[in-house]
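Colleague: Have a look at the structure that comes next, please.
Each value in this text was obtained by applying a stated rule to the coordinates, not by laboratory testing. Quantities reported herein were computed from a predicted structural model and do not represent experimental measurements.
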């Protein structure tokens with residue numbers, strides 16, 4: 001990669017971790033980790049999601065039981081204020097990253113429009 005772009009990306013990374021969106025997400029994740037039961041549910045849900053995605057990538061459909069299990073976990077997660085806060089903070093950070101991505105890729109989009 002171009003050294004100047006690498007330097008700018010490193011600088012952007014350092015700026016990102018100072019944003020309110022990132023610090024809010026980090027703080028909420030730390031609260032989640034401190035709640036053992038909720039953190040365990042969160043990690044189990046992540047693992048279940050990965051397993052379902054791997055099956056789909058391999059062309060295999062998840063079983064009805066797997067789908068129901070994932071839905072039950074999602075429902076439990078939706079009832080957790082900490083997880084809801086985490087998801088809201090993640091959404092805010094993703095908006096920032098999306099805006100940055102739009103700026104970075106704007107020249108490419110303009111190239112193809114012309």
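Colleague: Is region 1-67 best put as rounded, prolate or oblate by its Cα gyration tensor, with a ≥ b ≥ c the root eigenvalues, rounded for a/c under 1.5, and otherwise prolate when a/b is larger than b/c, oblate when not? Working shown, then result.
Modeller: Numbers: a/c = 4.81, a/b = 1.47, b/c = 3.27.
Oblate.
Colleague: As I understand it, the value is the acute angle between the Cα axis of helix 81-113 and the longest principal axis of the Cα atoms of the chain; what does it come to in degrees, rounded to 10?
Modeller: 40 degrees
Colleague: Can you list, largest first and rounded to whole Å, the semi-axes you get for the chain by taking the square root of 5 times each eigenvalue of its Cα gyration tensor?
Modeller: Values: eigenvalues 217, 100, 32 Å².
With the √(5λ) rule applied to the chain, the semi-axes are 33, 22, 13 Å.
Colleague: Per DSSP H run of n ≥ 4, the term is -39500 (n - 2.57); total these for the chain, divide by its residue number, and report the mean residue ellipticity at 222 nm rounded to 500 deg cm²/dmol. Can you show the working numbers first?
Modeller: On the way: 5 runs with 99 residues, N = 114.
Result for the chain, helices only: -30000 deg cm²/dmol.
Colleague: I need to check one value: relative contact order of the chain, counting alpha carbon pairs closer than 8 Å and at least 6 residues apart, in percent. Mind showing how you got there, number by number?
Modeller: Details: 45 pairs, mean separation 38.7, N = 114.
Over the chain, the number comes to 34 percent.
Colleague: Can you give me the angle between helix 3-16 and the longest principal axis of the chain, using Cα atoms only, in degrees from 0 to 90, rounded to the nearest 10?
Modeller: 50 degrees
Colleague: Taking the 0 to 90 degree range and rounding to the nearest ten, how far is the long axis of helix 64-78 tilted relative to the main principal axis of the chain, both from C-alpha atoms?
Modeller: With rounding to tens, the tilt is 70 degrees.
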